[in-house]
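Asks: Shown below is the structure under consideration.
The values are calculated or read from the model by the stated rules, or taken from the named source; none is laboratory data. These numbers come from a predicted model, not from an experiment. Quick reminder, even Gly has a Cβ in these numbers, built from the backbone with ideal geometry, and neighbours come from all protein chains shown. Each accessible area value is taken on the protein alone, full model and side chains, heavy atoms only, with ligands, DNA and RNA left out. Shrake-Rupley method; radii C 1.70, N 1.55, O 1.52, S 1.80 Å.
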Amino acid sequence: DAGVTQSPTHLIKTRGQQVTLRCSPKSGHDTVSWYQQALGQGPQFIFQYYEEEERQRGNFPDRFSGHQFPNYSSELNVNALLLGDSALYLCASSTQTGREGYGYTFGSGTRLTVV
Amino acid sequence: GEDVEQSLFLSVREGDSSVINCTYTDSSSTYLYWYKQEPGAGLQLLTYIFSNMDMKQDQRLTVLLNKKDKHLSLRIADTQTGDSAIYFCADQYNAGNMLTFGGGTRLMVKP
């Protein structure tokens, strides 16, 4: 059973560009959350998608947007990239009720470098 | 806002016990988690505890929760070099809600 799959694993972008990161959740999970982990820090919550809608959002600007598809997979889009957006972006899947186990299952992340 | 704090670094000898500490501010937290992150990898869920529990044991791992002081600890018995990693505690208000992470504790195990 595949866990959470993220693509690409690494990405280099130039300031001002736009980027799309992708995530496929663990089988049986219906909720996808995105986290940003800057170097040497803990993950920071960006937003969560359930039933194709953004359900919760952390303290991130509107440049960060997302989408969830009917098959529960998700995309994270970042516009007008800044150097400070360089980080490991983690996707995590879960269920709303915890019936599949508690906590989130994380993917290995996408390392984004903005130059 | 809500805050989760951890000490930055812990060094132990192989075979000793490790204790990693965490404090949190949200008294409404229902679930508390410990995750492990190895270099270049995502986060691996180690264990969790419900807020109505004081202790949970899972093989070499023991989690202690002092809800009055909002203090959580993770004890790793017989620490091995493979336990070297960054450990994050996180709290959650309700199943399905966002997790709030601490800054992580880097555990170094010396042979």
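Conditions tested, residue by residue: (1) of a type in the set (Phe, Trp, Tyr); (2) out of contact with any strand residue (DSSP E or B) (no Cβ under 6 Å at 6 or more places or on another chain).
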| residue | (1), (2) |
| --- | --- |
| B:GLN37 | no, no |
| B:ASN52 | no, yes |
| B:ASP58 | no, no |
| B:LEU61 | no, no |
| B:SER73 | no, no |
| B:PHE88 | yes, no |
| B:ASN94 | no, yes |
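Asks: For the stretch B:45-55, which residues satisfy the criterion of being surrounded by 13 or more Cβ atoms within 10 Å (Cβ to Cβ) and not in a strand (DSSP E or B)?
Replies: B:SER51, B:MET53
Asks: I'd like the full set of residues that are of a type in the set (Val, Ile, Thr), at pLDDT 95 or above and in a strand (DSSP E or B), limited to the stretch A:11-31.
Replies: Listed by number, the residues that qualify are A:ILE12, A:VAL19, A:THR20.
Asks: Scanning the stretch A:32-65 for residues that are of a type in the set (Lys, Arg) and outside any loop (DSSP other than H, G, I, E, B), which turns out surrounded by the most Cβ atoms within 10 Å (Cβ to Cβ)?
Replies: By that ranking, first place goes to A:ARG55.
Asks: Ok, one more. Mind checking whether some residue in the stretch A:67-90 is facing chain B (nearest Cβ under 10 Å), on the phi < 0 side of the Ramachandran plot and either assigned to a strand (DSSP E or B) or not aromatic (Phe, Trp, Tyr) (or both)?
Replies: yes
Asks: Would you mention how many residues in the stretch B:25-44 are within 13 Å of another protein chain (Cβ to nearest Cβ), at negative phi and open to solvent by 60 Å² or more (accessible area, probe 1.4 Å)?
Replies: 3
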